[in-house]
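Working notes, beginning with the structure itself.
The values are calculated or read from the model by the stated rules, or taken from the named source; none is laboratory data. Keep in mind it's a predicted model, so treat the numbers as computed, not measured. No Cβ is skipped: glycine too gets one built from the backbone with ideal geometry, and neighbour counts run over all protein chains shown. These area figures cover heavy atoms from the full protein model, side chains too; ligands, DNA and RNA do not enter into them. Shrake-Rupley method; radii C 1.70, N 1.55, O 1.52, S 1.80 Å.
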Amino acid sequence: MLDTNTSVRPSPGAAAAPALLEVENLQAWYGESHILHGMTFQVRRGEVVTLLGRNGAGKTTTMKSVMGVVGQRTGSVRYQGTETISLPPNKIARLGVAWCPEERGIFASLNVRENLMLPPVVKPGGMSLEEVYDLFPRLKERATSQGTKLSGGEQQMLAIARILRTGAEMLLLDEPTEGLAPVIVQQIGTIIRQLKERGLTILLVEQNFRFAATVADRHYVVEHGQVIDEIANSELERNRAKLEEYLGV
Amino acid sequence: MAELLGFPPQVLFGQLLLGLINGAFYAILSLGLALIFGLLNIINFAHGAQYMMGAFFAYLLLNILGIGYWPALILAPLLVGVTGIIIERLFLSRLYKLDHLYGLLLTFGLALILEGVFRHLYGVSGLPYAQPAALQGGQNLGFMYLPNYRAWVVVASVAVCLGTWLLIEKTKLGAYLRAATENPTLVQAFGINVPVMITLTYGFGVALAGFAGVLAAPIYSVNPLMGSNLIIIVFAVVVIGGMGSIMGAVLTGFGLGIIEGLTKVFYPEASSTVIFVIMAIVLLIKPAGLFGKAH
Ligand SMILES: Nc1ncnc2c1ncn2[C@@H]1O[C@H](COP(=O)(O)OP(=O)(O)O)[C@@H](O)[C@H]1O
Ligand SMILES: [Mg+2]
């Protein structure tokens, strides 16, 4: 089923680059329920790769497992060659992986600026506060507001903005466009492309494959906790019917 | 001097001061409880015993090592904090995934054991601890006599509460603590070692109780049961204030101390129950407490 067509044109130089993130036979459980049944995929340095799939397919669980916040997991997750499957989340973060969770995780007891400054810098080369404010001017205006008083779109911006300061090279973005108005979705698309130009590597979870197509190099289709297909972005149109069937849209 | 509201001012202000002193202890103790509950989700029933240990450590430092009040004011809370860290690592850290009830039972058991040990070693009659020389005597303010040591207790408590509040509300460390209270998983996923933070928070919370114990030693005698008498009231204070808020814990602590003091003047029969009456009313009207957030 894997798409072997070689007209795949990933981001410049990415094809030759070694995988930054290598996930192999990843299994995960919540208590008794076995959710991931052997996820295998790679993300190369500088790529934007999406996980597409229906609700409940296990995309969020995959991200949480990569981040280390799902306690029960087996298999292999290598980041820059380092095996992280048995590391706690704080150690994984320190390697340069940052996570923007689906529910955004804006802290109500912190104001916008405190939310922004919360994640510690883990690597040199992250954005300065000024650069972040240039990218998200609205956050500067609302700096002293309570974090959860922002609109949904602003909260999503804040959730992305705060991991850009940390110097993390790999960003895990879980449905950043979920429930947002089309203009905001466009803005988020622009930002993701800017981040890619800066050389960041992004693993993106999306339900909206039209949006995904505007930012990504490759797509993995997830079903029942497994990768069932891989589609290059340039092949997306040709595989449209198949994809719509996978996603049930 | 003229009477105030039909009472001699000495009586009125004397009780007000007593109320303020009690309030100072309520405030420090409920502050520690609120911190611990916020981050650990554990209702620390050992808090009273840890307050008692603070007083005992001060007593033992003096009588075994000849270390006086001022160094003990730092050392005894530190020692209580260290025992707290050991307790957290050995026991509490195993309970976080379970219901609140388990933490409550465990810390209740610990309180009984600690009190039992000190009771076995030192009896229940109470041991004297002298006021530091620098704070003996008092000031005649005209309308009342103000013992220096009691003034110091109020000043020191306000300073500690304010310092803790500033630490939590205005510093980066405090931002980590507030954030981890809301969502420890995410804070850890940002690269913060949350388990260590939890351990240190428990240590700090119980060190506050130890500090209150040292402050109390020269006022009340050092007694294995001094904490268990106090902690029941402190839990009522926490229920009234609500578990969610640091400032709420402090304000409620001082406020209820003063109300209790005034009740002793105006209606002495109710002075030992007034806090519980207020607790019942607050529970009926605002079950999450005056400063608490409903869940
Ligand atoms: N905390 C949890 N406890 C138990 N089951 C969960 C939990 N979170 C998610 N699940 C289950 O795991 C499956 C995958 O969920 P998730 O990874 O969130 O899917 P997706 O992000 O692809 O929509 C779903 O069946 C969901 O019900
Ligand atoms: Mg999801």
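Inside region A:96-114, residues that are β-branched (Val, Ile, Thr) and either open to solvent by 10 Å² or more (accessible area, probe 1.4 Å) or within 16 Å of ligand 1 (Cβ to nearest atom) (or both) make up a count of 1. Going residue by residue through region A:200-216, is there one that turns out to be within 16 Å of ligand 1 (Cβ to nearest atom) and either within 14 Å of chain B (Cβ to nearest Cβ) or farther than 14 Å from A:LEU173 by Cβ (or both)? Within region A:200-216 (the criterion being within 16 Å of ligand 1 (Cβ to nearest atom) and either within 14 Å of chain B (Cβ to nearest Cβ) or farther than 14 Å from A:LEU173 by Cβ (or both)), the answer is yes, since at least one residue qualifies.
One residue stands out in region A:28-40 among those that are at pLDDT 95 or above and more than 16 Å from ligand 2 (Cβ to nearest atom): the one that is nearest to the other protein chains (Cβ to nearest Cβ), namely A:TRP29. Within region A:159-170, if we keep just the residues that are under 19 Å from A:VAL49 (Cα atoms) and in a helix (DSSP H, G or I), the residue that is nearest to the other protein chains (Cβ to nearest Cβ) turns out to be A:ILE163. Going residue by residue through region B:166-185, is there one that turns out to be touching a residue at least 40 places away in the same chain (Cβ under 8 Å), surrounded by fewer than 13 Cβ atoms within 10 Å (Cβ to Cβ), away from chain A (no Cβ under 14 Å) and within 25 Å of the chain's Cα centre (by Cα)? Checked region B:166-185: no residue is touching a residue at least 40 places away in the same chain (Cβ under 8 Å), surrounded by fewer than 13 Cβ atoms within 10 Å (Cβ to Cβ), away from chain A (no Cβ under 14 Å) and within 25 Å of the chain's Cα centre (by Cα). The single condition among (1) outside any loop (DSSP other than H, G, I, E, B); (2) farther than 16 Å from B:ALA249 by Cβ that B:PHE45 does not meet is (1). Of all residues in region A:41-66, which are away from ligand 2 (no atom under 13 Å from the Cβ) and either of a type in the set (Lys, Arg) or within 14 Å of chain B (Cβ to nearest Cβ) (or both)? Correct list: A:ARG44, A:ARG45, A:VAL66.
The residues of region B:32-58 that are β-branched (Val, Ile, Thr) and open to solvent by less than 10 Å² (accessible area, probe 1.4 Å), listed by number, are B:ILE36, B:ILE42.
Here is a yes/no grid of residues against (1) within 16 Å of ligand 1 (Cβ to nearest atom); (2) more than 21 Å from the chain's Cα centre (by Cα); (3) part of a helix (DSSP H, G or I); (4) away from chain B (no Cβ under 14 Å):
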| site | (1), (2), (3), (4) |
| --- | --- |
| A:VAL132 | no, no, yes, yes |
| A:ARG138 | no, yes, yes, yes |
| A:THR148 | no, yes, yes, no |
| A:MET157 | no, no, yes, yes |
| A:VAL183 | no, no, yes, yes |
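In region A:39-77, of all residues being within 16 Å of A:ASP229 (Cβ to Cβ) and open to solvent by 50 Å² or more (accessible area, probe 1.4 Å), the one that is farthest from ligand 1 (Cβ to nearest atom) corresponds to A:GLN42. Scanning region A:78-95 for residues that are open to solvent by 50 Å² or more (accessible area, probe 1.4 Å) and in a strand (DSSP E or B), we see that the one that is nearest to the other protein chains (Cβ to nearest Cβ) is A:THR82. Within region B:248-288, the set of residues being open to solvent by less than 80 Å² (accessible area, probe 1.4 Å), modelled with pLDDT of 85 or more and more than 27 Å from B:LEU12 (Cα to Cα) comprises B:LEU283 only.
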